[in-house]
Amino acid sequence: MENICEKILVRNKIKIILIIALLSFILISSFGCTKPEIIEETTKEEPTEPTTQIETYVEELSGIRNPFNGTEVSSEDDIFRPIAVIVENSTAARPQTGLIDADVIVEIVDEGGITRYVAIYSSKESEVIGPVRSTRPYYAEIAKSFDSILAFFGASPDGYVRVVQLGIPDLSAAADTIGNSGIKAKARHWRDSSRVAPHNAYMSITSLREDAKAYGYNLNGGISPFKFKNDAPLSDKGEEDTIIVNFSSPTFEAKYVYDKETNSYNKYLGGVAHIDRISGEQIIAKNIIVQITDISGPLDQYGHIAVRTTGQGEALFFLDGKVIEGSWIRNNYNEPFKYLNENGDEVKFNVGQTWISFLATLDRVNSTSY
């Protein structure tokens, strides 16, 4: 009897040991499998949220929009062919009038290190613009990139010729007296007696459109290099940024200071706020482009220079308090510029005014974000 009991006890002990061993194996296996699942889950989920957020605000805006500043309009009839006006930037011309109303302003160094502006108007009927000055071949080539009507007050001899070569509808306030182009004086203008000539000629977009219509120019059209997006969300905006563009001397230094609250850049010229002469308001940009290209000269005794406006080159895009490094490309004079990021995708810009600086080298621009 005792032997039977002992055998039963031994068997029970063996069963208990086996059960414990089996449970231990299950527990160990369970913990071993769970761990990788947690790691794998975390790895997959981490990038999901920011990717969705970025895609939301960089998505191209839909609807009918002015192609030069991105503002929404009621119909295609509210989009006017752009008029490019050559505006002076010598110290005697400051402060200028009407730059604050332009959709795009392109700034390039001219003779003697003085810069001038190619101001593009489509969305606003600015009643006073100036001082208006003469054009150059590269100003005409830039105006052509927007398929714009070009308003100016005279030109260098090759400047007149280039306007005709490119087939640009011209509104000059002065005729080509040398006779190489056949351009006549067509644009209405006036002189401000409180300023000294030649820094006192002004024009109006309303009058220029009327002149263009009278000369049979097509008032529809225009091409744009821009695609537009919503402003970045607060969490993805930069904190501080000051951009300084050195064209030649401190007198012509352009500075842009980022304001996170408005997600825009306050503009300064020669160390002081760049204001509109009539309103007294400071010029505010939403996008700033630095476009690197070949600039050579002086080419003659007058100090004329040459600027390449086709081909490709490096570019910096400042918006949302940050910088995007990339490039620009333009295959021929009938095309607009195309602005690309480092991946070769077209950059999308914020709705509002854009300033473009043509420079020979990147070391002429400094920025907190670059």
Residue set LYS322, LYS348; condition closer than 21 Å to ASN266 by Cα, surrounded by fewer than 19 Cβ atoms within 10 Å (Cβ to Cβ) and assigned by TED's automatic domain parsing to the domain that holds ALA102; output residue LYS322
Flagged in segment 342-370 as of a type in the set (Val, Ile, Thr) and modelled with pLDDT under 95, in numbering order, are THR368
In segment 250-263, anything loosely packed, with under 12 Cβ neighbours inside 10 Å and either touching a Gly at 6+ places or on another chain (Cβ under 6 Å) or not in a loop (DSSP other than H, G, I, E, B) (or both) is listed as PRO250
Residues of segment 188-246 being of a type outside the set (A, V, I, L, M, F, W, C), under 22 Å from ILE142 (Cβ atoms) and part of a helix (DSSP H, G or I), in sequence order, are ARG209, ASP211
Only one of ALA140, ALA102, ALA119 is crowded, with 23+ Cβ neighbours inside 10 Å, on the phi < 0 side of the Ramachandran plot, over 18 Å from the mean Cα position of the chain (by Cα) and of a type in the set (Gly, Ala, Ser), namely ALA140
Checked THR354, THR368 against criteria (under 30 Å from GLY112 (Cα atoms), surrounded by fewer than 18 Cβ atoms within 10 Å (Cβ to Cβ), of a type in the set (Ser, Thr, Tyr) and out of contact with any helix residue (DSSP H, G or I) (no Cβ under 7 Å at 6 or more places or on another chain)); the one match is THR368
Within segment 179-194, residues among the charged types (D, E, K, R) and more than 22 Å from ASP101 (Cα to Cα) come out as LYS184, LYS186
Here the qualifying pairs (Cβ atoms under 9 Å; residues six or more apart or on different chains; first in segment 276-289 and free of Cβ contacts under 8 Å to residues at least 40 places away in the same chain; second of a type outside the set (S, T, N, Q) and assigned to a loop (DSSP other than H, G, I, E, B)) come out as GLY280/PRO95; GLN282/HIS274; GLN282/ASP276
Residue set ASP176, ASP170, ASP192, ASP158; condition assigned by TED's automatic domain parsing to the domain that holds GLU76, farther than 29 Å from GLN301 by Cβ and acidic (Asp, Glu); output residue ASP192
When (1) aliphatic (A, V, I, L, M); (2) touching a Lys or Arg at 6+ places or on another chain (Cβ under 6 Å); (3) crowded, with 16+ Cβ neighbours inside 10 Å are applied to ALA212, the one that fails is (2)
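Residue-by-condition table, conditions (1) in contact with a strand residue (DSSP E or B) (Cβ under 8 Å, 6 or more places away or on another chain); (2) not charged (D, E, K, R):
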{"site": "GLY112", "(1), (2)": "no, yes"}
{"site": "ARG116", "(1), (2)": "yes, no"}
{"site": "SER122", "(1), (2)": "yes, yes"}
{"site": "GLY130", "(1), (2)": "yes, yes"}
{"site": "ARG133", "(1), (2)": "yes, no"}
{"site": "TYR138", "(1), (2)": "yes, yes"}
{"site": "ILE149", "(1), (2)": "yes, yes"}
{"site": "GLY159", "(1), (2)": "yes, yes"}
Taking segment 132-160 and the residues there that are part of a helix (DSSP H, G or I) and among the hydrophobic types (A, V, I, L, M, F, W, C), the one that is nearest to SER357 (Cα to Cα) would be ILE142
Of those in segment 125-137 that are among the aliphatic types (A, V, I, L, M) and buried (at least 23 other Cβ atoms within 10 Å of the Cβ), the residue farthest from the chain's Cα centre (by Cα) is VAL132
Considering residues that are touching a Pro at 6+ places or on another chain (Cβ under 9 Å), within 18 Å of GLY271 (Cα to Cα) and assigned to a loop (DSSP other than H, G, I, E, B), the number found within segment 91-110 is 1
Here the qualifying pairs (Cβ atoms under 7 Å; residues six or more apart or on different chains; first in segment 194-206 and touching a residue at least 24 places away in the same chain (Cβ under 8 Å); second of a type in the set (Asp, Glu) and assigned to a loop (DSSP other than H, G, I, E, B)) come out as ASN200/ASP192; TYR202/ASP192; SER204/GLU127; ILE205/GLU125; THR206/GLU125; THR206/GLU127
With the first residue restricted to segment 249-264 and required to be assigned by TED's automatic domain parsing to the domain that holds GLY112, and the second required to be basic (Lys, Arg), Cβ contacts under 6 Å at 6 or more apart or on different chains are TYR256/LYS267; LYS260/LYS237; SER264/LYS286
Residue pairs qualifying under the 7 Å Cβ cut-off, at least six apart or on distinct chains, with the first in segment 103-118 being touching a residue at least 12 places away in the same chain (Cβ under 8 Å) and the second being in a helix (DSSP H, G or I) and of a type in the set (Ser, Thr, Tyr), are ILE108/TYR138; VAL118/TYR139
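The values are calculated or read from the model by the stated rules, or taken from the named source; none is laboratory data. Note that the structure is a prediction, hence the values are computed from the model and not measured. With ideal geometry, Cβ positions are generated from the backbone for all residues, glycine too; neighbour counts draw on all protein chains shown.
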